[in-house]
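First up is the structure itself, then whatever we jot down about it.
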Amino acid sequence: MISISEAKRKLPEHFIERLQKQFSVHTADLILRGMCVERLTTLRVNSLKYDIQSLMNDFKKLNIKFERVSWYPDALVIKNKTERELEKTNHYQEGKIYLQSLSSMIPPLALDPKPEEKILDIAAAPGSKTTQMVSMMKNQGLISAHDINPLRIEKLKFNLDKQGADIVEVIQDKYERNKDLPPLFYDRVLLDVPCSGEGLFQAGSAGTYRWWSVKEVNKLASLQKKLFQLAVEALKEGGILVYSTCTLNEEENEEVVKWALENLSVEILENPLKIKNFEEPCRFDVGNKELEKKILRIIPDEKMEGFFVAKFRKK
């Protein structure tokens, strides 16, 4: 583990300046501390093929130490094995488990897709959230999974096959140019958008932040608004949309939420997930405290990546 002062020297200078401007000293230090630690391996059971009780019994026999996740019964935090070690197990190779960040599991839980519903999943690859939703839907209904990257599309198809997910149609397209989405068609939309990934930064690994820039943040914020508009147009009246990012800045989070509320026919809903010790109130300059309470921000630490989640209903 490296120190916070060392992290400040390693991470992009403008990122540190913006972090200290947008957050309190205490919260900024919490975020930086989370970028200094090595994250534990986390996973969820694939309920289409196995169950959590059997998995825990198997892990005890294999001396794989784990911790339950209070807000998601199908998830485990692994204490003494790396992802690479778990990939060698039969459970992984047979698709009985999916190695996934705990934070990444939150948007599907907030969306709460039901069997037989029609779901739009934008920027779906490599399929962590897609396969999670298939499990939640008991492999009944339809998920339209869109992505732009052909290599990631192949990884998505591989993961769908491995997890036994049969209700997903995979579509490669340029997100912001896709005008062919059927209007008023989907019951729910998972809008886990392309973002600057600040919540994934690890100070000791330059590859996680080398490409970051303020210009890229602004470019992505513009794309996110376009995707939001397309998603709302494809959503049925009264349908549910979850907007999520794995980044921390206001431009891609609060500002997009405010823009959507002012320009699109949506209302913000209470986030059903309350994760103690990981919540950070969001900052809305309109001073709307009730609005702030409805949004979930995850601060990175040894178990969680930084994330932002907001839930909406189409009017």
Which of rounded, prolate, oblate describes region 1-75, given a ≥ b ≥ c as roots of the alpha-carbon gyration tensor eigenvalues and a/c under 1.5 marking rounded, otherwise prolate only if a/b is larger than b/c?
-> prolate
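Can you compute the charge dipole magnitude of the chain about its Cα centre, using +1 on each Lys and Arg Cβ and -1 on each Asp and Glu Cβ, nothing else charged? Give it in debye, rounded to the nearest 20.
Values: 49 positive and 47 negative charges, 103 e Å.
Computed about the Cα centre, the dipole is about 500 debye.
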Rounded to the nearest 20 debye, dipole of region 140-200 from Cβ charges on Lys, Arg, Asp, Glu | 100
Sorted on mean Cβ neighbours within 10 Å (highest first), peptides 184-190, 204-210, 214-220 come out as 184-190, 214-220, 204-210
Taking the mean number of other Cβ atoms within 10 Å as a proxy for protection, how do you rank 42-48, 154-160 from highest to lowest?
-> 42-48, 154-160
By per-residue mean of other Cβ atoms within 10 Å, what is the highest-first order of 32-40, 141-149, 67-75?
-> 141-149, 32-40, 67-75
Any aspartates and glutamates whose Cα falls less than 17 Å from that of residue 88, other than same-chain ones fewer than 8 residues away, would be 58
If amide H atoms are built 1.01 Å from N in the plane of the peptide, which residues on other chains or at least 5 residues away come under 5 Å of the amide H of residue 46?
-> 97, 98
Candidates 93, 140, 132; GNM for the chain (alpha-carbon contacts under 10 Å) flags as most fluctuating 93
Once amide H atoms are placed 1.01 Å from N in the peptide plane, what residues at a sequence separation of 5 or more from residue 269, or on another chain, have their amide H within under 5 Å of its amide H?
-> 311, 312, 313
So what J values fall out for region 84-100 if you push phi through Karplus, 6.51 cos²θ - 1.76 cosθ + 1.60 with θ = phi - 60°, rounded to Hz, Gly and Pro as x?
-> 4, 5, 5, 5, 8, 7, 5, 4, 6, 5, 8, x, 7, 10, 10, 6, 7
Listed here are the pairs 21/258; 219/311; 96/314; 162/311; 21/225; 258/314; which of them are more than 26 Å apart at the Cα?
-> 96/314; 162/311
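Quick note: the coordinates plus some simple rules give every number you see, no bench work behind them. Every value quoted in this text rests on a predicted model; they were computed, and no experiment measured them. A quick note on method: Cβ atoms are made from the backbone with ideal geometry, for glycine too, and the neighbour counts reach across all protein chains shown.
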